[in-house]
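Enquirer: One structure, pasted below without further comment.
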Amino acid sequence: MKTTRIISIILGIILLGSACNTSFDIQKEINKAVKAGQTELFIPAGRYEISETIHLDGVENLTIKPEESGKVVLTSGMALSLGDFTCVDEEKGIYEISLSKLKSDPWPDSFRGYAGWPEVYISGIPMQLARWPNEGYTKIDSVINRGSIPRQDDSINIGGSFISKEFVSNFSSLVTRHLGEADPEFTRDVTIFLGGYWCYKWYDEFMRVESINRETGEVKMAAPHRYGIGGPSGGLFYAINSPDFLDIPGEYFYDNKTGTIRFIMPEQLFENRDLFEEGYKNISIEISWRDFTMMDIQNCSNILLDELKFSVHNGLALKLSDSDSVRIQRCNFNRLAQSAIEISGGSYCGVIASEINLIGATGISLDGGDRPSLTPAHHYATKNKIYDFARHILTYAPGVKLTGVGHIVDQNSFFRAPHNAILFTGNDHLIERNVIRFVCLNTSDAGAIYCGRDWTMGGTVIQNNVIKNLGQASHHHNWAIYLDDLVSGIDVLNNIIEDCPSGILVGGGRYNRVVGNKIHNCPKASIMYDARGLGWYTQYIDDPDNELWQRLRAMPIKESPWKDRFPWLQDIPDDDPGIPKYVIIKDNKLEKTVDPEIHPTVFEYGEVEI
């Protein structure tokens, strides 16, 4: 019964991806509808394989939706079947295909998370680029040279080096096969990329291996890591995309020179292949390789996209800029190598009641409003289901990212992600009634809701959210709500935090309110409010070129509305900037968790009841 149900689900996915509608040109029909003054465009059911961006520019008052509910799929991926592939090893379920259109340039020497390789989906199941080890990470034994540190304006561009005998010993056969036994160091022919957390477990990056010494175990990198190699929670990495790594079901290897993809069938399909009979050869295989924006909407107003599906694509799915009252409603964005939706400029645009999953980077980005005048954009993300995001870029690729002024993130569900659910900068955002579960799963020193390093970030309210089941961290804690490095002017009100390592962290700052929150079963920390501006962070406060001071100078704090809304910002330079003043912490309820850790200066200069 269980097997039959699995096959039924798989066959359902196959049928969804089987038909391609070539008789209806969406761009041409949009242009015709606009020219005719239509207010609605109904798209016939089908799978639409597009090869270039669909544009809406200067369009007003138009609804675009399927003729049949949920039956329109926009994709740039190619639809194949297993029968289009050559069987390399029938017993192991290994297949391959070579296509000239899949050839591509070499990857850069360093990149965050993704470098444009084709992605493979078999019966809807995303395949994993072959890697070693198959799960988790291997470790650096010792650092020889940290290399350049671009984060510190080091532009020498020297890659670091380290010892990792486990990594080198596992690939001695690869080195021998390519270069023979004579030379212990190889620097040619074999291209290996290592990805992971090189310094901190909150910043991931891939880098190309320059050379490996089999005798000493030394590995030299071709490019520097942003923070340098070696750090308190770094030194964790894995290798990707060598044919030697292709060893378990669900993996594939990609050769950019020949356009070859070789994969091992997913286990649940391969083990039940006899149940398919002849249908096994017709299993749907989709490959995405094109990188362009699928739909670009600019300078438009009163547009509704309803019940469209954007799927199997290697670029941004939807870009919306400088538009007013554009609503993305009941849409589905899935199996995307990069981000799903970017909204910038304009006002009152948003995403509502949509589903976003299996995304390589960020789900929804909202950017708009004017900070100098504190004019809100009123963009929104409401009642969406966002999960399995940040598949490639593991850090700072949240479910929703806010930049600017006056966005709303309300009643969304977030789950399964390695790092943040919501990341924000700017002012006057409302983050409320969201449910966040199982995020920060592969990081440390992170927050499910996070902002940092800005005195001028006042006006945002984080309230009535439910945050549960965050990942554990081996170094610094992961927090449900994290206001980092002297962020000020934020309200954290009436949130429920359960079964997380830690609850709420405020890293210094002033005029923050932490009121009415319920924290249950957070064993490492409940509420922590520190005074880092008097300790290790003093070096940054003493530096007039530090980001805090730059951001303070960038805002017109002596002019309206800033001087009216945040008069205290003018006093910071002369008001002991490192001291966390004018804080309110009260009416929080703690159950089965540790006591709060509040620095004495917070008591001295604020209102604290615990």
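The values are calculated or read from the model by the stated rules, or taken from the named source; none is laboratory data. Just so it is clear, the model here is predicted, and its values are computed rather than measured. No Cβ is skipped: glycine too gets one built from the backbone with ideal geometry, and neighbour counts run over all protein chains shown. SASA here: full protein model, heavy atoms, side chains in, ligands and nucleic acids out. Shrake-Rupley method; radii C 1.70, N 1.55, O 1.52, S 1.80 Å.
Enquirer: Going by the conditions given, is Lys281 crowded, with 22+ Cβ neighbours inside 10 Å, touching a Leu at 6+ places or on another chain (Cβ under 9 Å) and at pLDDT below 95?
Expert: Working: crowded, with 22+ Cβ neighbours inside 10 Å: no; touching a Leu at 6+ places or on another chain (Cβ under 9 Å): yes; at pLDDT below 95: yes.
No.
Enquirer: Show the residue pairs meeting these rules: Cβ distance below 6 Å; 6+ apart or different chains; first residue within region 194-205 and under 18 Å from Gly447 (Cα atoms); second residue of a type outside the set (Phe, Trp, Tyr) and outside any loop (DSSP other than H, G, I, E, B).
Expert: Here the result reads Tyr197/Asp204; Tyr197/Leu236, each pair linking region 194-205 to a residue that is of a type outside the set (Phe, Trp, Tyr) and outside any loop (DSSP other than H, G, I, E, B).
Enquirer: Keeping to region 119-153, report how many residues are part of a loop (DSSP other than H, G, I, E, B), farther than 30 Å from Met78 by Cβ and touching a residue at least 12 places away in the same chain (Cβ under 8 Å). Reasoning before the result, please.
Expert: Going through region 119-153, the residues part of a loop (DSSP other than H, G, I, E, B) turn out to be 123-124, 127, 130, 133-137, 140-141, 146-149, 153.
Still in the list and also farther than 30 Å from Met78 by Cβ: 133, 136-137, 140-141, 146-149, 153.
Cutting the leftovers down to touching a residue at least 12 places away in the same chain (Cβ under 8 Å) gives us 133, 136-137, 140-141, 146-149.
Adding up the residues that qualify gives 9.
Enquirer: Related question: Name every residue in region 210-225 that is open to solvent by 10 Å² or more (accessible area, probe 1.4 Å) and among the β-branched types (Val, Ile, Thr), in order of residue number.
Expert: Selection gives Thr216 alone.
Enquirer: Somewhere in region 96-109, is a residue in a loop (DSSP other than H, G, I, E, B) and over 26 Å from Tyr238 (Cβ atoms)? Spell out the reasoning first.
Expert: Just the residues of region 96-109 that are in a loop (DSSP other than H, G, I, E, B), to begin with: 99, 103-109.
Restricting the remaining residues to those that are over 26 Å from Tyr238 (Cβ atoms) gives 99.
Yes, the conditions are met somewhere in region 96-109.
Enquirer: Please determine, by comparing only the residues of region 505-519 that are in contact with a helix residue (DSSP H, G or I) (Cβ under 9 Å, 6 or more places away or on another chain) and farther than 21 Å from Leu470 by Cβ, which one is most open to solvent (accessible area, probe 1.4 Å).
Expert: Tyr511
Enquirer: Select, from Arg151, Arg177, Arg188, Arg112, the only residue that is within 30 Å of the chain's Cα centre (by Cα) and at pLDDT below 95. If you could, list the steps in order and put the result at the bottom.
Expert: Working: Arg177 fails: within 30 Å of the chain's Cα centre (by Cα); Arg188 fails: within 30 Å of the chain's Cα centre (by Cα); Arg112 fails: at pLDDT below 95.
So the residue among Arg151, Arg177, Arg188, Arg112 that is within 30 Å of the chain's Cα centre (by Cα) and at pLDDT below 95 is Arg151.
Enquirer: If a residue has to be at pLDDT below 90 and assigned to a loop (DSSP other than H, G, I, E, B) to count, how many in region 211-225 make the cut?
Expert: 4
Results for (1) surrounded by 12 or more Cβ atoms within 10 Å (Cβ to Cβ); (2) touching a residue at least 40 places away in the same chain (Cβ under 8 Å), shown as yes or no for each residue.
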residue	(1), (2)
Asn521	yes, yes
Arg553	no, no
Tyr582	yes, yes
Ile585	yes, yes
Asp595	no, yes
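Enquirer: Another question about this same structure. Name the single residue that is farthest from Thr258 (Cα to Cα) among those in region 116-134 being in contact with a strand residue (DSSP E or B) (Cβ under 7 Å, 6 or more places away or on another chain) and open to solvent by 20 Å² or more (accessible area, probe 1.4 Å). Before the answer, list the steps.
Expert: Within region 116-134, the subset in contact with a strand residue (DSSP E or B) (Cβ under 7 Å, 6 or more places away or on another chain) is 117-123, 126-133.
With the extra rule that they be open to solvent by 20 Å² or more (accessible area, probe 1.4 Å), the set shrinks to 126, 128, 131-133.
Working: Pro126: 22, Gln128: 20, Arg131: 20, Trp132: 23, Pro133: 25 Å.
My answer is Pro133.
Enquirer: What are the residue pairs meeting all of these: first residue in region 64-88, first residue under 18 Å from Gln329 (Cα atoms) and of a type in the set (Gly, Ala, Ser), second residue open to solvent by 40 Å² or more (accessible area, probe 1.4 Å) and modelled with pLDDT of 95 or more, Cβ atoms under 8 Å, and 6 or more apart or on different chains?
Expert: Sorted first by the residue in region 64-88, then by its partner, the pairs are Gly70/Lys309.
Enquirer: So, in region 226-254, of the ones that are under 21 Å from Trp117 (Cα atoms) and either part of a loop (DSSP other than H, G, I, E, B) or without any contact (Cβ under 8 Å) to a residue 40 or more places away in the chain (or both), which residue ends up most open to solvent (accessible area, probe 1.4 Å)? Before you say what the answer is, go through the steps one by one.
Expert: Just the residues of region 226-254 that are under 21 Å from Trp117 (Cα atoms), to begin with: 237-254.
The next check asks that each one be either part of a loop (DSSP other than H, G, I, E, B) or without any contact (Cβ under 8 Å) to a residue 40 or more places away in the chain (or both); those that pass are 241-242, 246-250.
Numbers: Asn241: 20, Ser242: 8, Leu246: 28, Asp247: 87, Ile248: 59, Pro249: 69, Gly250: 16 Å².
Among those residues, the one meeting the criterion is Asp247.
Enquirer: What number goes with the only condition from (1) in contact with a Phe, Trp or Tyr (Cβ under 8 Å, 6 or more places away or on another chain); (2) open to solvent by 10 Å² or more (accessible area, probe 1.4 Å); (3) closer than 27 Å to Gly231 by Cβ that Ser502 does not pass?
Expert: For Ser502, the exception is condition (2).
Enquirer: Right, another one. Filter region 355-368 down to the residues that are part of a loop (DSSP other than H, G, I, E, B) and small (Gly, Ala, Ser), then identify the one that is nearest to Leu430 (Cα to Cα).
Expert: Among those residues, the one meeting the criterion is Gly363.
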